[in-house]
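Working notes, beginning with the structure itself.
What follows is calculated from the coordinates using simple rules that are stated; it is not laboratory data. This structure is a prediction, so every number in the text was calculated from the model and none was measured. Using ideal geometry, Cβ is built from the backbone for each residue, glycine included, and neighbour counts are taken over all protein chains shown.
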């Protein structure tokens, strides 16, 4: 009796991986929550600054006044390529039971079901790794620069964050000092964003040490509203990451980490920093065109996946690809502050 592998056509595999549910990720949910697909692997990143001037008045007899446009700086950026593959040897698909499963008591039906689940498990793992990397890229973009250095690739994207928006506290201004005044400082930083854009920050994301120090300083502050909101479905305000609301700004603690090439956990958001963000500004993740010659595929989408058989050694390979590029189009919408050592 034949033990057919599920349909390996790339269209089927791509639809499958797109439908796999993955855990929520704060930066992709709260900040870079607009996702665009593109028909090219190169994106024109058009950074926008300015727009604070008042429109001049004219008399009834005058023509229109010529004014300067918004300051823009455009650059062409090739979307970074993430392409992962994983082999599933014959013994994994045919001779290994899943966690908590008995061996295939139901015969051929149980074997086919188990194989499909194992393939889906590996696809989910690949998708999680891709979205973990995308979250890392979002965290890098908030700093104003995304820099990658690997053995096989090196590149940098400068998002032109103003130098004045990268602040380092010193002395008694540090939140670890009992004399510091975080609420007053946050109000000052919020005004910087208002002055630049005409609207203020809506969220503040804190590294773990920064969050702990802020909690200590605001423990007795009645203006800090720590009530959580639950609407019956997932919302970050209902999680333990939500610290409260301060003057209209929702404050979150960010504790997610990733494992580096040495196997050491690293914080996605530095423990000693906070990011004040005006989410009304334009933040997107741009996905570049994915090309695969063997599959004859030109995919305008977030993800591409395919699978194929290898006869010797006998194995099924599963592959996933994505080309994400987070873009803070208005860099003046972010302020980065180092608040503790």
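List of remarks:
- Pairwise FRET efficiency - residue 195 versus residue 18, Cβ, R0 = 41 Å, nearest 0.05: 0.45
- When the square roots of the Cα gyration tensor eigenvalues are ordered a ≥ b ≥ c, the ratio a/c for segment 156-299 is 1.5 or more and a/b exceeds b/c, which makes its shape prolate.
- Per-residue Cβ neighbour rank within 10 angstrom, fewest leading, 224, 304: 224, 304
- The Rg/Rh ratio of segment 112-171, with Rg taken over Cα atoms and Rh as the Kirkwood radius over Cα pairs, comes to 1.26.
- Segments 172-178, 17-23, 284-290 sorted - mean Cβ within 10 Å per residue, highest first: 284-290, 172-178, 17-23
- Between residue 257 and residue 291, the modelled label-to-label distance comes to 4.1 nm, taking each label 7 Å out from Cα in the direction of the beta carbon.
- Theoretical FRET efficiency, 1/(1+(r/R0)^6), r = Cβ-Cβ of residue 163 and residue 9, R0 56 Å, to 0.05: 0.65
- Pair residue 150, residue 220: separation of 7 Å Cα→Cβ label points (nm): 5.2
- Residue order, fewest to most beta carbons within 10 Å, for 44, 332: 44, 332
- Inter-probe distance in nm under a simple model that places probes 7 Å from Cα toward Cβ, at residue 74 and residue 116: 4.9
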